[in-house]
Amino acid sequence: RHDVSHRGGVNLTLQNSKLHTGVWARITTIVALFAILAIFISRREERPMGTFHGVDSRSDSVRMGGLKISSSGGEDPLFVTVVMPSVVNPEARPLRLTNIAKTWGPSSRAIYVVHGFDEYPQGENIDKAPKSSAYPQNLIVPSYITVDKGVERLGHVIRTVHKDVNPDFAFFVNDHTFVLPDHLCQFLKEHDSSKDLYAGHALKGKMESVFNSGAAGYVLSRSTMERLIKEWDDPQSQCSAANVSKWLQGNPGLLTAQCFEKVLKVKALDTRDKRDLSHKFHAYGLIRTVTGKVDDWYLNKHEALDAIFGVDATYHHKPQDGARCCSVYTVSFHYVEAGESLAFWEVLRTIHQSPLMTDGEIEELMNQVWPRDKEGLGMYAHGLPRPHLAVWNDIIAVVRKISVGVATPSC
């Protein structure tokens, strides 16, 4: 009997142990779920939703997910990203377009502006593609608008995008731009497409109108595109290329900015992160942006912005360096060549999927995938620093905090 009683005590002890283990496992799970819920709620509170969802009084349409469902049953994208041709290294454009299609292009609803089908033969033409077709798609420029006719090309593109796609917003970039799709979506949620919007990274020379960097990209709302097209239709308008200087005729971005400022009275915005005055739209690549090794002309074109947006006594609207360079909601970088585009996307996606990666693991990953030659980096990008230098702390801090931007956008 003594032996039997002993075995019963052991069994009871084991049962109690298992019971306690089960209870603690459930408690741990509940705590973890509450922590995840708290993080989710805090992110939602940080990101204002704007006016996208619900009934749109302008077109009697209902917005669901990332699509506008019209009363006629058609579907228009909430936003598209229009990828203009870069003037830098045009021979490598087909490869850049191919790699954009492998990275940020589909979820940013990229529309490639091409002068020939061979630049991206996989893409459907936007005027023939079903509304449900995947992106990227092609917008083929007519043969009479040659590569050197930048003003005519931009006019044709805006008219075509408005007519064939009719998005709430269009983000205009070029094929050296790198876009973080979800951060673009979150930025647009703060705005109303029925109101004017001309937003990006504002610059201004001494004798220029305020303009947004075409490299970093700029957003136009539907309202602004409609007003711009209407103004172009007036042959007497100062927005027409025929009525301005020859220099402006060759600079479509500046011509458009002058039209916004002097005719349409559409104001550029200070798009910096209000919490720390870091920029969201960047005209250089990751490494040059973090290290602050950008061109003097670029920095100088921020000096006049105090008079436009109000005095910034700390930074005078100039980009900061180090980890402060970039908002957690960064939307874009530029001078990102084809090889760097793939590497940058892989790094951000990996961190987003594995947020507990150590700094050492991130540095090791970047050194494994990042290009080191000029073919992969391009002429204007800087390569990674040598291992274990102090600047790595800033680089890692930036890629870590912006990594959520590669998530599939909610709009």
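Number of residues in segment 324-364 that are of a type outside the set (D, E, K, R), in a helix (DSSP H, G or I), open to solvent by 30 Å² or more (accessible area, probe 1.4 Å) and over 20 Å from Lys102 (Cβ atoms): the value is 1.
Each residue in segment 151-173 was checked for being surrounded by fewer than 20 Cβ atoms within 10 Å (Cβ to Cβ) and more than 19 Å from Asp192 (Cβ to Cβ), and 6 pass.
What about Ala92, is it in contact with a helix residue (DSSP H, G or I) (Cβ under 8 Å, 6 or more places away or on another chain) and either part of a helix (DSSP H, G or I) or open to solvent by less than 30 Å² (accessible area, probe 1.4 Å) (or both)? Answer is yes for this residue. Within segment 87-138, restricting attention to residues that are among the basic types (Lys, Arg), modelled with pLDDT of 95 or more and more than 20 Å from Leu188 (Cβ to Cβ), the residue that is farthest from the chain's Cα centre (by Cα) is Arg93.
What helices (runs of 4 or more DSSP H) lie completely within segment 213-322 and have 3 or more residues being within 17 Å of His334 (Cβ to Cβ)?
286-291, 296-300
Which of the following residues is β-branched (Val, Ile, Thr) and out of contact with any Leu (no Cβ under 7 Å at 6 or more places or on another chain): Val165, Val157?
After applying the criteria, what remains is Val165.
Checked against (1) within 23 Å of the chain's Cα centre (by Cα); (2) crowded, with 20+ Cβ neighbours inside 10 Å, Cys239 meets all criteria but (1). Every condition in (1) open to solvent by 20 Å² or more (accessible area, probe 1.4 Å); (2) under 30 Å from His352 (Cβ atoms); (3) in contact with a helix residue (DSSP H, G or I) (Cβ under 6 Å, 6 or more places away or on another chain) is met by His183 except one, and the failing one is (1).
Can you confirm whether Val141 is crowded, with 16+ Cβ neighbours inside 10 Å and at pLDDT below 95? Criteria not met by Val141.
The values are calculated or read from the model by the stated rules, or taken from the named source; none is laboratory data. This is a predicted model, so every value here is computed, not measured. No Cβ is skipped: glycine too gets one built from the backbone with ideal geometry, and neighbour counts run over all protein chains shown. Heavy atoms of the whole protein, side chains included, go into the accessibility calculation; ligands, DNA and RNA do not. Shrake-Rupley method; radii C 1.70, N 1.55, O 1.52, S 1.80 Å.
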